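The values are calculated or read from the model by the stated rules, or taken from the named source; none is laboratory data. Not measured: the values here are computed from a predicted model. For neighbour counting, all protein chains shown are included, and Cβ atoms are generated from backbone atoms with ideal geometry for every residue, glycine included. With ligands, DNA and RNA removed, areas are computed over all heavy atoms of the protein, side chains included. Shrake-Rupley method; radii C 1.70, N 1.55, O 1.52, S 1.80 Å.
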Amino acid sequence: MRRSDIHAAESVECLNRALNRLKDIWEEIGIPEDQRLQRTDVVRKHIKGLLDMMIAEEDSLRKRLMSSIKSCRKELDVLCSELQLSPFEEDVGRTMLQLEKDIRSRLEVMMKQKSQRVKELKTLSKQDRELCDVMCSVPFCIDMDTVPSLEQLDSYRSYLKDLTKEKDRRHGEFVGIKRQIIVCMEELDQLPDTSFERDVVCEDEEAFCLSNDNIAALQLLLGQLEDRKTENELVCNSYRSKIQELWERLQVLQEEREGMSDHMVQSRKKNMDALETECRRLDELKIKNMKNVIEAIRTEVALFWESCYYSLEQRRAFTPYYDVDYTVELLNLHEAELLSLKKHYQDHRELFEGVTRWQESWTLFLQLEKKVTDPSRFNNRGGNLLKEEKQRADLQKSLPKLEKSLKAQIDLWEEEQYREFLVNGQRFLQYVEEQWELLRLEKEREKNERQLKKNQQIEHDLMYGTAQQTPSKRRLAGTPTPGKARKLNATSSIYGSTPNSTLRSAFRGTMCQSPVLRLPMSASKVSSALTICVQAQRITFFIFYFYGLKIITIF
């Protein structure tokens with residue numbers, strides 16, 4: 001039994017005891033029955049009124065609870081819908097008070113969530129408006145009159161995070177472009193003219209609108225200034241080139257040149273004006289020194305003729321080169337020719353440099369080929385002989401490769417230009433073939449000369465019985481010293497049985513006859529001996545013997 005039931009039973013028992021006590025008091029007093037009934041009715045009415053009042057109060061409480069539960073349920077349903085949450089589910093078996101408490105607690109929690117979301121939405125919206133004002137962009141699409149969902153808030157935060165990054169990026173780009181614009185304007189000696197330029201240069205950086213249009217306008221302005229700066233630099237460079245040429249042609253003193261040193265480096269407006277003034281001054285001086293200027297230009301023209309491998313006919317085709325009437329018209333013709341030559345050289349510079357490399361390699365190769373026949377090369381001090389041989393071998397390999405590469409370039413050049421590539425009036429490949437052929441013929445000529453000289457030396461040795469001895473630095477192994485050489489037999493004859501007795505001694509590089517006593521010959525015998533000698537001269541024996549001598553010619 002519940003405690004409330006026990007309390008109710010005790011209340012009824014207490015009421016019964018009280019009525020019985022009143023009854024006893026009334027009997028003891030002697031109150032009549034009708035008065036007892038009246039007094040009992042008063043007690044009943046009093047108790048009934050008190051109970052009715054209590055019942056009414058408790059019933060009112062019940063009704064208030066029911067009303068509260070109903071209103072809270074409605075509010076809870078609305079909040080669940082606004083917060084996009086699942087509906088509130090009541091627990092089965094809960095009393096009215098417990099249910100009202102649970103619903104009210106849930107309602108307070110959801111009201112707090114709603115307040116937080118609305119507050120965060122307002123904060124994000126304020127940040128969004130600030131960024132939109134700076135970047136001139138469209139605000140995030142979200143309904144401010146409804147409670148945002150968690151997903152919407154996450155999307156909003158992510159959007160603002162990306163927008164903040166984009167704003168920082170644009171601000172950094174704006175600051176960088178602004179600095180470049182200021183530098184360009186300073187170099188161009190230019191002040192901001194338009195309102196946009198003043199906003200960029202003069203106004204606060206934080207106040208500048210970082211819209212895509214403004215960033216594009218910034219880039220366009222910077223591009224225009226850089227183009228103007230580049231144009232000024234090109235103009236200044238052309239002035240500098242012209243000034244340098246005129247300085248060299250007019251032989252201007254170094255002291256006068258140093259006065260323009262600052263203007264020869266920078267390209268601001270004042271520098272360009274100074275360079276233009278100097279060009280006008282040099283042009284006037286050039287007209288006064290027409291002959292010297294034309295001669296200087298002719299020197300440059302001749303250098304470019306050499307660099308472009310012009311033939312004699314091509315050079316003679318420029319007839320003003322030989323004119324001695326130094327006029328402005330002649331100067332203009334020379335300058336035009338020099339400009340044309342420079343352009344021709346620059347357009348085909350790679351090809352001309354390749355031909356120059358081949359010419360230099362070929363010249364070095366010819367020099368090394370000549371050193372092959374030089375006896376002094378065998379001194380080999382410092383390993384020069386080995387270096388030269390290695391260099392010559394490398395050139396023998398690299399020259400054909402270079403010729404092959406040049407041939408491909410020349411073929412392409414001739415296809416594009418619709419004309420032949422000439423070197424000194426001759427096709428380059430034909431010129432190369434002729435050079436190799438000349439080298440081959442030169443080698444054959446030298447070989448024939450050496451063979452002819454050798455044959456003449458042999459005939460000379462046969463005629464006069466002499467032989468040139470080349471000193472030998474070392475003897476062969478087992479060769480006896482001259483002191484230990486065996487003496488020749490003085491009594492042997494030319495027809496003796498020992499062959500060594502018939503040889504003329506060649507010790508110490510000399511030819512000595514055997515000391516044989518001979519009788520005078522008659523005329524017929526002399527004639528016969530001469531005939532034998534002439535026949536013997538036609539037979540030559542070369543004996544390599546071991547006494548440090550190279551060749552002994554025996555008659």
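Residues of the stretch 398-443 being in a helix (DSSP H, G or I), polar (S, T, N, Q) and in contact with a Ser or Thr (Cβ under 7 Å, 6 or more places away or on another chain), which ones?
Listed by number, the list holds a single entry, 398.
Among the residues that make up the stretch 268-283, is at least one of them under 32 Å from the mean Cα position of the chain (by Cα), charged (D, E, K, R) and exposed (fewer than 12 other Cβ atoms within 10 Å of the Cβ)?
Within the stretch 268-283, not a single residue is under 32 Å from the mean Cα position of the chain (by Cα), charged (D, E, K, R) and exposed (fewer than 12 other Cβ atoms within 10 Å of the Cβ).
Among the listed residues 348, 344, 334, which satisfies the condition of being open to solvent by less than 30 Å² (accessible area, probe 1.4 Å) and either more than 30 Å from residue 391 (Cβ to Cβ) or in contact with a Lys or Arg (Cβ under 7 Å, 6 or more places away or on another chain) (or both)?
Testing whether each residue is open to solvent by less than 30 Å² (accessible area, probe 1.4 Å) and either more than 30 Å from residue 391 (Cβ to Cβ) or in contact with a Lys or Arg (Cβ under 7 Å, 6 or more places away or on another chain) (or both) leaves just 334.
Starting from the stretch 323-348, take each residue that is over 28 Å from residue 416 (Cβ atoms) and list its partners that are among the charged types (D, E, K, R), counting only C-beta distances under 6 angstrom and pairs at least six apart or across chains.
What qualifies is 326/291; 330/323.
Give the residue, chosen from 101, 63, 45, that is part of a helix (DSSP H, G or I), among the basic types (Lys, Arg) and surrounded by 12 or more Cβ atoms within 10 Å (Cβ to Cβ).
Going through 101, 63, 45 in turn, just one is part of a helix (DSSP H, G or I), among the basic types (Lys, Arg) and surrounded by 12 or more Cβ atoms within 10 Å (Cβ to Cβ): 101.
Taking residue 306 as meeting all but one of (1) outside any helix (DSSP H, G or I); (2) modelled with pLDDT of 85 or more, write down the number of the exception.
Of (1) outside any helix (DSSP H, G or I); (2) modelled with pLDDT of 85 or more, only one is false for residue 306: (1).
Among the residues of the stretch 198-246, how many are among the polar types (S, T, N, Q) and over 18 Å from residue 273 (Cα atoms)?
Counting residues in the stretch 198-246 that are among the polar types (S, T, N, Q) and over 18 Å from residue 273 (Cα atoms) gives 5.
How many residues does the stretch 69-84 hold that are surrounded by 15 or more Cβ atoms within 10 Å (Cβ to Cβ) and either β-branched (Val, Ile, Thr) or in a loop (DSSP other than H, G, I, E, B) (or both)?
Counting residues in the stretch 69-84 that are surrounded by 15 or more Cβ atoms within 10 Å (Cβ to Cβ) and either β-branched (Val, Ile, Thr) or in a loop (DSSP other than H, G, I, E, B) (or both) gives 2.
Under 9 Å between Cβ atoms, at least 6 apart or on separate chains: pull out the pairs that start in the stretch 202-223 with a residue that is within 17 Å of residue 183 (Cα to Cα) and end on any residue that is aromatic (Phe, Trp, Tyr) and at pLDDT 85 or above.
Once the first residue is within 17 Å of residue 183 (Cα to Cα) and sits in the stretch 202-223, its partners that are aromatic (Phe, Trp, Tyr) and at pLDDT 85 or above give 205/174; 218/174.
To keep it simple, each residue is scored yes or no on (1) open to solvent by 40 Å² or more (accessible area, probe 1.4 Å); (2) at pLDDT below 80; (3) touching a helix residue (DSSP H, G or I) at 6+ places or on another chain (Cβ under 9 Å).
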position	(1), (2), (3)
395	no, no, yes
399	no, no, yes
402	no, no, yes
409	yes, no, yes
421	no, yes, yes
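Go through the residues of the stretch 85-97 one by one and say whether even a single one is more than 30 Å from residue 174 (Cβ to Cβ), part of a helix (DSSP H, G or I) and either open to solvent by 60 Å² or more (accessible area, probe 1.4 Å) or out of contact with any helix residue (DSSP H, G or I) (no Cβ under 9 Å at 6 or more places or on another chain) (or both).
yes
Is there any pair linking a residue in the stretch 148-169 that is farther than 16 Å from residue 129 by Cβ to one that is assigned to a helix (DSSP H, G or I) and open to solvent by 40 Å² or more (accessible area, probe 1.4 Å), with Cβ under 7 Å and at least six apart or on different chains, and which?
So the pair list comes out as 153/120.
Looking for something surrounded by 15 or more Cβ atoms within 10 Å (Cβ to Cβ) and touching a residue at least 60 places away in the same chain (Cβ under 8 Å) - is there at least one such residue anywhere in the stretch 290-312?
Scanning the stretch 290-312 turns up at least one residue that is surrounded by 15 or more Cβ atoms within 10 Å (Cβ to Cβ) and touching a residue at least 60 places away in the same chain (Cβ under 8 Å).
Against the conditions (1) modelled with pLDDT under 85; (2) within 21 Å of residue 352 (Cβ to Cβ), where does residue 301 fall short? Just the number, please.
Going through the list (1) modelled with pLDDT under 85; (2) within 21 Å of residue 352 (Cβ to Cβ), residue 301 breaks only (1).
I'm trying to understand the selection: among the residues of the stretch 172-198, which are open to solvent by less than 40 Å² (accessible area, probe 1.4 Å) and not in a loop (DSSP other than H, G, I, E, B)?
Residues satisfying the conditions are 174, 175, 176, 177, 178, 181, 184, 185, 188, 197.
Check whether at least one residue in the stretch 120-137 is more than 60 Å from the chain's Cα centre (by Cα) and assigned to a helix (DSSP H, G or I), and report yes or no.
no
Does residue 434 count as in contact with a strand residue (DSSP E or B) (Cβ under 9 Å, 6 or more places away or on another chain) and either modelled with pLDDT of 80 or more or open to solvent by 80 Å² or more (accessible area, probe 1.4 Å) (or both)?
It is true that residue 434 is in contact with a strand residue (DSSP E or B) (Cβ under 9 Å, 6 or more places away or on another chain) and either modelled with pLDDT of 80 or more or open to solvent by 80 Å² or more (accessible area, probe 1.4 Å) (or both).
So which of 160, 210, 222, 218 is open to solvent by less than 40 Å² (accessible area, probe 1.4 Å) and in contact with a His (Cβ under 9 Å, 6 or more places away or on another chain)?
Only one candidate passes the filter, namely 210.
Pick out the one residue from 57, 28 that is farther than 30 Å from residue 157 by Cβ, modelled with pLDDT of 90 or more and open to solvent by 80 Å² or more (accessible area, probe 1.4 Å).
57
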